[in-house]
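One structure below.
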Amino acid sequence: MSATVIDGKAFAAKVRGQVAEHVARLKEEHGITPGLAVVLVGEDPASQVYVRSKGKMTVEVGMKSVEHKLDADTSEADLLSLINELNEDATIHGILVQLPLPDHLNEDLVINSIDPAKDVDGFHISNVGLLGTGQKSMVPCTPLGCLMMLRDHHGSLSGLDAVVIGRSNIVGKPMAQLLLGDSCTVTIAHSRTKDLADVVRRADVVVAAVGRPEMAPGDWIKPGATVIDVGINRIDAPERGEGKTRLVGDCHYESCAEVAGAITPVPGGVGPMTIACLLANTLTACSRANGLAEPEGLTA
Ligand code: GUN
């Protein structure tokens, strides 16, 4: 194995430490405490774990954390009314509505009802447009975390060939915009891409975000390329005992690590960066709301 392993867990801890320092200074110098509200509708177990983890880390960096847990059959009107209250609440700087929402709720309508300045997920159509036109926006957390790790590893990304595998609104499309913003030559590949292996082999930077376990093998990777694996897939692991499972990425880790110059592991790569960037975005939103300088190194 030759690739440098990009330690997302350590990187995320460093980002949270930077956020905590900024928060302490905001409190001391301006008497302001950033506040993050998370809204969870229904009882999806994975979402519950994720929301609990977000709440804990929000408090750990010194921010105010508010959680609203609503029944699975909550009406759209009630959810929109809560979002409106949070939009108006001056102690709340970031609002996150946990996705997916139950089927009877219109996800686009709900997300677009959040004040764009408080949209710490960066999913509001205004933020999507601002990012696409290179203007100041809120940037989706997972792609922001990937960008931070890439900038840290490479310094400048200018002129690199980047291939993003996956075209989701949450990861693939904003990731491509961010890489373009850093002057990469960007290709977005997806399930219908012809000769996917050949496309990926051209890349200096590969970001895999398709949600298909170990889809990209090592012989797709250009020697020395950087591989950022966004996938978190649970697969059966009978070798660990009956009924056991394990997490794998969208890339086949062992074979890719033999060829790549650098690679993020799963778990412990991109995953921990997502919540760290959510906290960074909440700090950014709070700074902007108060007309203060944005935290350096924590934005796109
Ligand atoms: N569900 C899974 N990931 C995310 C995320 O990043 N934001 C929101 N709002 N919901 C999610």
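A short reminder: the numbers here are calculations on the coordinates, not readings from a lab. It should be emphasised that the depicted structure is a prediction, and the values quoted were computed from it without experimental measurement. Using ideal geometry, Cβ is built from the backbone for each residue, glycine included, and neighbour counts are taken over all protein chains shown.
Order by neighbour count: HIS22, HIS104, fewest other Cβ atoms within 10 Å first, most last.
So the residues, fewest neighbours to most, are HIS104, HIS22.
At 222 nm, what value in deg cm²/dmol follows for the chain if DSSP H runs of at least 4 each add -39500 (n - 2.57) and the sum is divided by all its residues, to the nearest 500? Present the calculation step by step, with values, prior to reporting the outcome.
Working: 10 runs with 121 residues, N = 300.
Value at 222 nm, helices only: -12500 deg cm²/dmol.
Send over the per residue convex hull volume for segment 254-294, Cα only, as a whole number of Å³.
Cα convex hull per residue, to the nearest whole number: 64 Å³.
What ranking of LYS69, LYS173 emerges when the number of other C-beta atoms within 10 Å of each C-beta is taken as an exposure proxy, fewest first? Could you put the intermediate results ahead of the total?
Numbers: LYS69 14, LYS173 20.
The fewest-first ordering by Cβ neighbours comes to LYS69, LYS173.
For a test of the definition: using alpha carbon positions, the gyration tensor, and the 1.5 limit on a/c, classify segment 17-170 as rounded, prolate or oblate.
Because a/c hits 1.5 or more and a/b fails to exceed b/c, segment 17-170 counts as oblate.
What share of the DSSP beta bridges in segment 171-300 is antiparallel, in percent to the nearest 5?
The antiparallel proportion sits near 35 percent.
Rounded to the nearest 0.05, what FRET efficiency is calculated for THR4 and SER53 with R0 set to 45 Å and r the Cβ-Cβ distance?
So the FRET efficiency works out to roughly 0.95.
At a Förster distance of 41 Å, what's the computed FRET efficiency of THR245 paired with ARG192, Cβ-Cβ distance as r, to 0.05?
It comes out at approximately 0.85.
With θ set to phi - 60°, apply the Karplus curve 6.51 cos²θ - 1.76 cosθ + 1.60 along segment 171-180 and write out the HN-Hα couplings as whole Hz, x wherever there is a Gly or Pro.
10, x, 5, x, 4, 4, 4, 5, 5, 4
For the chain, what percent of Cα pairs sit more than 23 Å apart?
I get 56 percent for the Cα pairs in the chain exceeding 23 Å.
Just the number, please: percent antiparallel of the DSSP beta bridges in the chain, rounded to the nearest 5.
Among the beta bridges of the chain, antiparallel pairing accounts for roughly 10 percent.
Be a star and scan segment 266-298 for residues whose amide nitrogen sits under 12 Å from the point 7 Å along the Cα-to-Cβ vector of GLU21.
In segment 266-298, the label zone of GLU21 (backbone N under 12 Å from the point 7 Å along Cα→Cβ) covers 296-298.
Give me Rg/Rg_expected for segment 1-105, where Rg uses Cα atoms only and Rg_expected = 2.2 N^0.38 Å with N residues.
This ratio for segment 1-105 stands at 1.30.
State, to one decimal in nm, how far the label point of SER75 lies from the label point of ARG234, with both points 7 Å from Cα in the Cβ direction.
3.5
For segment 93-231, I need the span (max minus min coordinate) of the C-alpha atoms along each principal axis, in Å, sorted largest to smallest.
The Cα atoms of segment 93-231 stretch 45, 33, 21 Å along the principal axes, largest first.
Where does each of ILE275, ILE228 land when they are ranked from fewest to most other beta-carbon atoms within 10 angstrom?
Ordered from fewest to most neighbouring Cβ atoms within 10 Å, ILE275, ILE228 come out as ILE275, ILE228.
What number in nm² do you get for segment 195-234 if you take the convex hull of its Cα atoms and divide its surface by four?
2.7
Between 0 and 90 degrees, rounded to the nearest ten: what's the tilt of helix 141-154 against the longest Cα principal axis of the chain?
It is inclined by approximately 50 degrees.
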